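Okay, so here's the structure we're looking at.
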Amino acid sequence: MPSSDYDSACLPDILPLYYRRLFPFSQYYRWLNYGGVQKNYFQNREFSFTLKDDIYVRYQSFTTQNELEKEMQKMNPYKIDIGAIYSHRPNQHNTVKSGTFQALEKELVFDIDMTDYDDVRSCCSAADICPKCWTLMTIAIHILDRALRDDFGFQHLLWVYSGRRGVHCWVCDEAARKLSVAARSAVAEYLSLVKGSDETVKKVVLTDPIHPFIRESLVVVERYFPRYALQDQDLLHVRKELQQEFQNEKKPEIRWKLLKDEAKRKQGTSKKNQHFEKEIMLQYCYPRLDVNVSKGVNHLLKSPFSVHPKTGRISVPIDLKELETFDPFAVPTISLICEELDRPRTVEEDEKSKETKDKENEKDTAESRKIRDYKRTSLAKYVKYFDQFLDGMARSWKGELLKKSDLQKDF
Amino acid sequence: MQFSSRRKKFTTNSQAELYGEPLQFYGQPPLENISLTEFETFAVERLKLLKTIENLGVSYVKMSESYTKKLGTESKALNFLYRPEADDRKPQNGPTEQEKRRKDHISHFILRLAYCQTEDLRRWFIQQEVDLFRYRFNDLHPKQKLEFLHRNNLQYDRITVEEKKALNDKLVNSSYALSGITVVEQDVYKVPFQDALDLVRTRKVYLKAGYVYIPHQDIVTIVINDFRTRLSKALALTARSLPAVHSDERLQPLLNHLSHAYVGQDYSIQKNVGKISLEQIDSLSGKSFPLCMRQIHQSLRENHHLRHGGRMQYGLFLKGIGLSLEQALQFWRSEFIKGKVDADKFDKAYAYSVRHMFGKEGKRTDYTPYSCMKVILSNAPSQGDHHGCPFRHSDPELLKQKLQVYKVSPSGISQILELVKGMHYQLACQKYFEQTHNVEDASFSLNHPNQYFIESQKALGGGKEIKRETEAPQKPQEIPTGGPSAAPEAAANTQDEAEMTEDLDSFFQDA
């Protein structure tokens, strides 16, 4: 699917269009309001905007969805970041006695960035990505999603494509939002296996007994390793010393097996380096996350549905049911969806819109037009998935609200 | 707590009840009357204990054998160590077990008052109390540990035998404490992961659906986290009731002083002012300065300049060894003029900060020379700086070269580098002392650069005046004053207990 040529110079012209007709404000508000269970949750949330000419403003906050919309349409931010929920309205933080303005809660977040894997991918480097190394993200999502759900018991995870070279995970469970700095850092450390700077050659060290978490992660890695490392990255091509031995065997999987067998033979009964093959696989494939992003309660992270100024791609949520076929190059750009808006409507679309118009008669026509707008673009399926995610959370909010009203004896 | 000047009356019966347990969570504050003397003595002694814990934590691996041994010795010296068995037989000398526990209880609560006020103070206090608690808990017999858990309502759920069977492999593979046999025998507890962060962080435990499965013997970590959380909450509460306490004039000066006291010599009181001449500094730097100061001095001589961090660390050190303000000004001026700074600029820009160091400008705080802890932990040097602790902040290769230049023997160098690798920076400096002074054993526990200087002068046989005024930091009666004093003798460190009791206010006049 063509992404329609995107040029960052066009942003000033199409951002207003995006924010006026396409950005899914009502879903966005529905998310960040968390069912209204906690008072002032939305009002005390910090947003930060990067405006034209790299002007950066922090401590933005809004009282209603309407205010959020109006402000964003006025400022047309190039980038939007979401921060923490504070003790007071962030846009009034200067009026608060020093020391009392504090970050209280925020989703637990993870940021996987492709540049952290530069030492183990040969196809690309720095900000570039390609289908071959995108597998690393797929692996990362599988492993982390399983761990966060099965090991930590979290249920409401939102995986988002960052727009260029990585993915983010937003853990939205109430328990996650209330985690302390120490707890967040402990979770991130638990999930970390690859450690070391540029100077470190061996970045994964396994000792007995092998923790169940590592075993589970290895199951995922082993599934992808042959195709990713051996074929796509041509891992075993690099070692010239092995060329001789592998003259007769061209197939990478066989070569890998030969290598493993040879090493095992050499090792004999020695305990040293007994896990070398696992360590190699993990060093090449295991997710590399930045602990500092996850640690801070007040850390600001790129918002879902914001635009990536360099690529034009929208930071869309990823439906894990379609993870294997997710193609970052097929993610719509802002130019594409704006173009799709201007497409002449087909006959079917006209009929459909008449139906929905009747249904939504009570609603404000501007809003209903807006709702119909994004549905005509490639953005639709992502917003739909986001809706499903919110529905899942809404069930828990309902329970909370009932509990609260019971306590207050509201009848 | 009510205070009166007469000693309290307390029946032995209730005391036995109250202090029947060897270890407590400090849930209940003491409810008796005590004298001001006891109030003060208890507080200061506990503070000394906590400071020791802090120092040992920098020099030794926590909970290692040498650490626990040293801590045990110190606890005993301060009359804090008590045996886990409640044994009320009157010992040869010193207080009974009960009395020691009572002191422990009361002193903890007094220090809460002093250390609840700011985030930094709270953090420090909690860290030391947690380490102390961990040390004591580890010392208990297994049966006592169990009793402690039950008494303090740490009712974590035990998993059933069926669950254990189902999770058998996972449990065995996640905890060193559990083998195939012990899983069956031992109790395994299910604890929310937020209560066991240390175990989660290091992946030393099995985690499922947000719960960690902990064998009984690992429950220590949980207990300690619980202690930390409770203490943290308690301190927040205490801070709120502080105004009431501060309104008691007898207590306020003491509490203020406690939270600022560096218990041990702080070298802020200048002895031997003017006894050192500027000409001596070069040779002294080679003979008696610790490595950090020697390094700073050398780079000052070479570059005729020092950045702020270096000026502070070195300038205060020089003040501590006895340089007067006039001498200091002359010293810095003559050096900086050799560089890019002319006399005028020095007087305008740098002289002010030298006077500031001596408490003659601004809010006139008389800054105290940095302790090793401060040098090691705060204000790490960056590009272009020469301050900090070379054992901590220098790349080992560079450190090795430097030690070679300073003619330390190869075996000495490798011993030093070993200590540095183990992060025992102060011990490494002590080793440097031993090497450069040709002694087997430093015979002191290094925690202050000025202490190094004094000990060096002692070892070299010189400075008899210095010798007289040096006190071993461990004496319980010693209470340093924080302020400067023109007549050091008046505020000297040798105290009479009587003097202390009689006039508390004038005693802390300078605080």
Does A:ALA175 fit the bill of being in a helix (DSSP H, G or I) and either in contact with a strand residue (DSSP E or B) (Cβ under 7 Å, 6 or more places away or on another chain) or away from every other protein chain (no Cβ under 14 Å) (or both)?
-> no
Scan A:VAL171, A:VAL167 and give me the residue that is touching a His at 6+ places or on another chain (Cβ under 8 Å) and of a type in the set (A, V, I, L, M).
-> A:VAL171
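For every residue, the table says whether it meets (1) at pLDDT 85 or above; (2) away from chain A (no Cβ under 12 Å); (3) part of a strand (DSSP E or B).
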{"position": "B:ASP169", "(1), (2), (3)": "no, no, no"}
{"position": "B:ARG203", "(1), (2), (3)": "yes, no, no"}
{"position": "B:ARG230", "(1), (2), (3)": "yes, yes, no"}
{"position": "B:PRO243", "(1), (2), (3)": "no, yes, no"}
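Which residue, of B:ARG101, B:ARG112, is assigned to a helix (DSSP H, G or I), at pLDDT 80 or above and in contact with a Ser or Thr (Cβ under 6 Å, 6 or more places away or on another chain)? Walk me through it before giving the result.
On the way: B:ARG101 fails: in contact with a Ser or Thr (Cβ under 6 Å, 6 or more places away or on another chain).
After ruling out the rest, the residue left standing is B:ARG112.
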Given the conditions (1) crowded, with 21+ Cβ neighbours inside 10 Å; (2) out of contact with any helix residue (DSSP H, G or I) (no Cβ under 6 Å at 6 or more places or on another chain); (3) of a type outside the set (S, T, N, Q), and given that B:LEU199 satisfies all but one, which numbered condition is not satisfied?
-> (2)
Please give the number of the condition B:LYS287 fails out of (1) modelled with pLDDT under 90; (2) farther than 21 Å from B:PHE137 by Cα; (3) more than 14 Å from every other protein chain (Cβ to nearest Cβ).
-> (1)
Hey, among the residues in the stretch A:315-331 that are in a loop (DSSP other than H, G, I, E, B) and acidic (Asp, Glu), which one's farthest from the chain's Cα centre (by Cα)?
-> A:ASP327
So which of A:LEU300, A:LEU320 is closer than 21 Å to A:LEU157 by Cβ, at pLDDT 95 or above and out of contact with any Lys or Arg (no Cβ under 9 Å at 6 or more places or on another chain)?
-> A:LEU320
Go through the stretch A:75-103 and give me each residue that's at pLDDT below 90 and charged (D, E, K, R).
-> A:LYS97
Working only within the stretch A:178-213, note down all residues that are more than 11 Å from every other protein chain (Cβ to nearest Cβ), hydrophobic (A, V, I, L, M, F, W, C) and closer than 28 Å to A:LEU157 by Cα.
-> A:VAL194, A:VAL204
What is the residue count in the stretch A:22-39 for residues that are over 24 Å from the mean Cα position of the chain (by Cα) and either at pLDDT 95 or above or farther than 18 Å from A:VAL297 by Cα (or both)?
-> 3
Taking the stretch A:161-172 only, how many residues are touching a Phe, Trp or Tyr at 6+ places or on another chain (Cβ under 7 Å) and more than 14 Å from chain B (Cβ to nearest Cβ)?
-> 3
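Yes/no matrix, rows are residues, columns are (1) buried (at least 16 other Cβ atoms within 10 Å of the Cβ); (2) out of contact with any Leu (no Cβ under 8 Å at 6 or more places or on another chain); (3) part of a helix (DSSP H, G or I):
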position: B:SER382; (1), (2), (3): no, yes, no
position: B:ASP385; (1), (2), (3): yes, yes, no
position: B:ARG392; (1), (2), (3): yes, yes, yes
position: B:LYS400; (1), (2), (3): yes, no, yes
position: B:GLN404; (1), (2), (3): no, yes, yes
position: B:LYS407; (1), (2), (3): no, yes, no
position: B:SER411; (1), (2), (3): no, yes, yes
position: B:SER414; (1), (2), (3): no, yes, yes
position: B:LEU417; (1), (2), (3): yes, no, yes
Note down all Cβ pairs under 7 Å where the first residue falls in the stretch B:128-146 and is closer than 14 Å to B:HIS108 by Cα, the second is of a type in the set (Phe, Trp, Tyr), and they're at least six residues apart or on different chains.
-> B:VAL130/B:PHE227; B:PHE133/B:PHE227
Picking from B:SER5, B:SER14, which residue would you name as being modelled with pLDDT under 80, over 24 Å from B:ILE224 (Cα atoms) and touching a helix residue (DSSP H, G or I) at 6+ places or on another chain (Cβ under 8 Å)?
-> B:SER5
Going through the stretch B:35-49 one residue at a time, which ones are among the aliphatic types (A, V, I, L, M) and either part of a loop (DSSP other than H, G, I, E, B) or surrounded by 20 or more Cβ atoms within 10 Å (Cβ to Cβ) (or both)?
-> B:ALA43, B:VAL44, B:LEU47, B:LEU49
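Evaluate the stretch A:145-155: report whether one residue or more is assigned to a helix (DSSP H, G or I) and away from chain B (no Cβ under 13 Å).
yes
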Would you be able to say whether some residue in the stretch B:440-454 is over 20 Å from the mean Cα position of the chain (by Cα) and modelled with pLDDT of 85 or more?
-> yes
Within the set of pairs 6 or more residues apart or between chains, which connect a residue that is closer than 29 Å to A:GLU340 by Cβ inside the stretch A:379-398 to a residue that is among the polar types (S, T, N, Q) and surrounded by 14 or more Cβ atoms within 10 Å (Cβ to Cβ) with Cβ atoms less than 8 Å apart?
-> A:VAL383/A:GLN27; A:PHE386/A:GLN27; A:ASP387/A:GLN27; A:LEU390/A:GLN27; A:GLY392/A:GLN155
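Regarding A:ASP119, is this residue at pLDDT below 90, away from every other protein chain (no Cβ under 14 Å) and part of a helix (DSSP H, G or I)? Talk me through it step by step, then tell me what you get.
Numbers: at pLDDT below 90: yes; away from every other protein chain (no Cβ under 14 Å): yes; part of a helix (DSSP H, G or I): yes.
So A:ASP119 fits the description; yes.
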Which of the following residues is outside any helix (DSSP H, G or I) and over 29 Å from A:LEU191 (Cβ atoms): A:TYR56, A:TYR41?
-> A:TYR56
Those residues that are basic (Lys, Arg), buried (at least 18 other Cβ atoms within 10 Å of the Cβ) and without any contact (Cβ under 8 Å) to a residue 60 or more places away in the chain, I need them from the stretch A:1-49; list them, please.
-> A:ARG45
Restricting the search to the stretch A:272-299, which residues are under 30 Å from A:LEU32 (Cβ atoms), buried (at least 18 other Cβ atoms within 10 Å of the Cβ) and of a type in the set (A, V, I, L, M)?
-> A:LEU289, A:VAL293, A:VAL297
Here the qualifying pairs (Cβ atoms under 8 Å; residues six or more apart or on different chains; first in the stretch B:405-418 and within 11 Å of B:TYR432 (Cα to Cα); second among the hydroxyl-bearing types (Ser, Thr, Tyr) and buried (at least 16 other Cβ atoms within 10 Å of the Cβ)) come out as B:TYR406/B:THR436; B:VAL408/B:TYR432; B:VAL408/B:THR436; B:GLY412/B:TYR432; B:ILE416/B:TYR432
Out of A:ARG165, A:ARG177, A:ARG184, sole residue that is within 16 Å of the chain's Cα centre (by Cα) and at negative phi | A:ARG165
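The values are calculated or read from the model by the stated rules, or taken from the named source; none is laboratory data. These figures come from a predicted structure and were not determined experimentally. Positions of Cβ are generated from backbone atoms using ideal geometry, with glycine treated the same way; all protein chains shown enter the neighbour counts.
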